[in-house]
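The values are calculated or read from the model by the stated rules, or taken from the named source; none is laboratory data. Just so it is clear, the model here is predicted, and its values are computed rather than measured. Note that we place each Cβ from the backbone using ideal geometry, even for glycine, and neighbour counts take in every protein chain shown. Please note that ligands, DNA and RNA were not included when accessible areas were found on the heavy atoms of the full protein model with its side chains. Shrake-Rupley method; radii C 1.70, N 1.55, O 1.52, S 1.80 Å.
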Amino acid sequence: MFLLFRSHGVVLLVAVAVLAAGCGGGEPATGGEWVAAPPASTAPARLAKVTSACKLLSAATVMKVLGPTSKSTLKARELPVDKSDGEVAYSCAYGKDGQEPFALTVSTRPDQSAKAESTIETIAAASGVETTPVDDLGTAGVGYVKDAFRVVAVTVPYETDLRLVIFAAPQIVPQAKLVEVLGQVVTKI
């Protein structure tokens, strides 16, 4: 049996016989097993294009994760966009009273998604200090302390591009807290 539907100039022909065979209450026509559709994903959609570091990580989120050190709040300040060699980097500085001890940088590297691990290896080697791997965030990551600052860098492939996310804070902040901050950004990009 076939049904013909007309709606706004479009004609749809539905093979009711095929649908009815599968809905008869017995075994499916193919002899297979009925499987429920997986639930819809609740993960947030990833951004197709990064346009700002401060929009990815608010000052309020930084304070929530790191914990406030006083009653005043941090302010976020978007820094000038850095474009070089086809790469684009967005940075945001976080601070108060003229001091900005926290910084986020998110860069996009076109056609380099396959270089996620080698990018982190290069950063680790260039640091010139002992590094600690960052697991379970992005594809690859590393953390280290240099010049009184703790830095964590993570790579996240997006289609053919590679996104590099770096967060820096005073060395007193534990690496686990920096990783937690970066987790807020990685899920979005």
Check your understanding: Among the residues of the stretch 71-96 satisfying the criterion of being more than 21 Å from ALA176 (Cα to Cα) and not in a strand (DSSP E or B), which is modelled with the lowest pLDDT?
Key -> LYS71
Review point. Can you name the residue in the stretch 143-156 that is buried (at least 17 other Cβ atoms within 10 Å of the Cβ) and closer than 25 Å to LYS55 by Cβ and is also nearest to the chain's Cα centre (by Cα) among such residues?
Key: VAL156
Check your understanding: Out of all the residues in the stretch 157-173, is one or more surrounded by 20 or more Cβ atoms within 10 Å (Cβ to Cβ) and of a type in the set (Ser, Thr, Tyr)?
Key -> no
Practice item. Look at VAL145 and say whether it is more than 26 Å from LEU47 (Cα to Cα), among the β-branched types (Val, Ile, Thr) and modelled with pLDDT of 95 or more. Key: yes
**Study point:** Every pair of residues 6+ apart whose Cβ atoms lie under 8 Å, when the first sits in the stretch 129-154 and is in contact (Cβ under 8 Å) with a residue 60 or more places away in the chain while the second is open to solvent by less than 50 Å² (accessible area, probe 1.4 Å)
**Key:** none
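In this structure, does GLN175 turn out to be among the polar types (S, T, N, Q) and touching a residue at least 12 places away in the same chain (Cβ under 8 Å)?
So GLN175 fits the description; yes.
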Check your understanding: Quick one: how many residues across the stretch 91-131 are open to solvent by less than 40 Å² (accessible area, probe 1.4 Å), out of contact with any Ser or Thr (no Cβ under 7 Å at 6 or more places or on another chain) and more than 19 Å from GLN171 (Cα to Cα)?
Key -> 3
